[in-house]
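The values are calculated or read from the model by the stated rules, or taken from the named source; none is laboratory data. None of the values given here were measured: they were computed from a predicted structure. We place every Cβ from the backbone using ideal geometry, glycine too, and count neighbours over all the protein chains shown. We work out accessible area using only protein heavy atoms, side chains counted, and drop any ligands, DNA or RNA first. Shrake-Rupley method; radii C 1.70, N 1.55, O 1.52, S 1.80 Å.
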Amino acid sequence: MAPTPTYEHDIAVLVGYYREGLQKITNELNRIDLTNFERAQLLVVQKEIADVLGDLDVRTKAWVASTIPKAAEDGIIYSIMALGVADTVAEAQKIVTFNRLNREFIKTAVADTQADLLQVSQNVERKVRTAIRQVTAEAMRSNLTQGINTTDSIKRDILRDLRQRLGDSLNTGIIDAAGRRWKPEVYAEMVTRTKLAQTQRESAINDALGRNAFYGVISSHGAKDACRNWEGKIVKLTPDAPGDYPYYGALPNREIFHPNCLHVISP
């Protein structure tokens, strides 16, 4: 049996892109002079932030285009070895082919993952732009209304609060359908980890179906969550396969193959 592929290094590279980009944005936000700012300065900062996010989008798009197909190839190798077509990874690599199902699946997986990551950067841009507008407006009002009558300590408190709100525009990041808040880099890590596992799993299944293998076994690694109820279970790889086994595509994702799930299916 082939070892279950892991993508920790690849994911670490992607997370590094986000951390680098977010640090650059933080630096730009810190450049804003909230005591004596001009519109021209704000436009420059916003332009720099847009450039940072544009570069991030280019780098993440290229990462997805190279890493998702690699996960698909790993899935095919996993299927080939599980079915006994090859005895070693090296042998399996020589006979890897992308059948029609996998060719179409890879295109969709690449496009979906790129779209998910694009939403992350768009969300950051929207939140930062809104925060800049709100914070600078409040700073202007404070400067006009308080003026020389404001003590230095009060001014420091106001500035500290406004700076905090600018920083929070990055930290609040993404709110998912369940209402959970994610920092952008953590959300990107979760999305890509999940997409890579799904790509590996689906490509293995597509390869197995192309070889007339219609069943699989869910892996076991001593899970502590609800996944443990499905470990070692036989599942259908297509709903039309005979037998009283559950179809893998109908399994509740609250229990198995959830985000960040490590389980695979061996054809």
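Exactly one residue out of ASN206, ASN212 is modelled with pLDDT of 90 or more and exposed (fewer than 14 other Cβ atoms within 10 Å of the Cβ): that is ASN212.
Yes/no matrix, rows are residues, columns are (1) assigned to a loop (DSSP other than H, G, I, E, B); (2) under 30 Å from LEU29 (Cβ atoms):
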| residue | (1), (2) |
| --- | --- |
| ILE174 | no, yes |
| VAL186 | no, yes |
| VAL191 | no, yes |
| ALA204 | no, no |
| ALA208 | no, no |
| ASN212 | yes, no |
| ARG228 | no, no |
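Filter the stretch 223-260 for residues that are closer than 28 Å to ALA92 by Cα and small (Gly, Ala, Ser) and give the result. Within the stretch 223-260, GLY232, ALA241, GLY249 qualify. Tell me which residues, restricted to the stretch 53-110, are more than 18 Å from GLU202 (Cβ to Cβ), at pLDDT below 90 and among the β-branched types (Val, Ile, Thr). Once the filter is applied, which keeps residues that are more than 18 Å from GLU202 (Cβ to Cβ), at pLDDT below 90 and among the β-branched types (Val, Ile, Thr), the stretch 53-110 yields THR88, VAL89, ILE95.
The set of residues in the stretch 219-257 being touching a helix residue (DSSP H, G or I) at 6+ places or on another chain (Cβ under 8 Å) and either open to solvent by 50 Å² or more (accessible area, probe 1.4 Å) or not basic (Lys, Arg) (or both) consists of GLY222, VAL235, LEU237, THR238, PRO239, TYR248, ARG254, GLU255, ILE256, PHE257.
Yes or no, residue by residue, for (1) among the charged types (D, E, K, R); (2) over 27 Å from ILE68 (Cβ atoms); (3) touching a strand residue (DSSP E or B) at 6+ places or on another chain (Cβ under 8 Å); (4) at pLDDT below 70:
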position	(1), (2), (3), (4)
VAL128	no, yes, no, no
ALA131	no, yes, no, no
GLU138	yes, yes, no, no
ASN143	no, yes, no, yes
LEU166	no, yes, no, no
GLU189	yes, no, no, no
ARG193	yes, no, no, no
LYS224	yes, yes, no, no
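With respect to being of a type outside the set (Ser, Thr, Tyr), at pLDDT below 90 and part of a helix (DSSP H, G or I), VAL44 fits the description.
Just one of the listed residues (LEU34, LEU117) is open to solvent by less than 10 Å² (accessible area, probe 1.4 Å) and not in a helix (DSSP H, G or I), and it is LEU34.
Yes or no, residue by residue, for (1) open to solvent by less than 70 Å² (accessible area, probe 1.4 Å); (2) within 22 Å of GLY167 (Cβ to Cβ); (3) more than 28 Å from the chain's Cα centre (by Cα):
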position: GLY21; (1), (2), (3): yes, yes, no
position: GLU28; (1), (2), (3): yes, yes, no
position: LYS61; (1), (2), (3): no, no, no
position: SER66; (1), (2), (3): no, no, no
position: ALA82; (1), (2), (3): yes, no, yes
position: ILE106; (1), (2), (3): yes, no, no
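Pull up the stretch 94-114, narrow it to residues that are of a type outside the set (D, E, K, R), touching a residue at least 24 places away in the same chain (Cβ under 8 Å) and part of a helix (DSSP H, G or I), then point me to the one that is farthest from TYR78 (Cα to Cα). This residue is GLN114. Suppose the filter is touching a residue at least 40 places away in the same chain (Cβ under 8 Å), buried (at least 17 other Cβ atoms within 10 Å of the Cβ), closer than 21 Å to ILE106 by Cα and touching a Lys or Arg at 6+ places or on another chain (Cβ under 9 Å); does ILE76 pass it? The answer is no for ILE76. Of the residues making up the stretch 84-93, just one is in a helix (DSSP H, G or I), open to solvent by 40 Å² or more (accessible area, probe 1.4 Å) and in contact (Cβ under 8 Å) with a residue 40 or more places away in the chain, namely VAL89.
Scanning the stretch 186-201 for residues that are among the charged types (D, E, K, R) and either open to solvent by less than 20 Å² (accessible area, probe 1.4 Å) or under 21 Å from GLY84 (Cβ atoms) (or both) turns up just one, ARG201. Report whether or not ALA50 is modelled with pLDDT of 95 or more, under 27 Å from the mean Cα position of the chain (by Cα), open to solvent by 20 Å² or more (accessible area, probe 1.4 Å) and of a type in the set (A, V, I, L, M, F, W, C). Criteria not met by ALA50.
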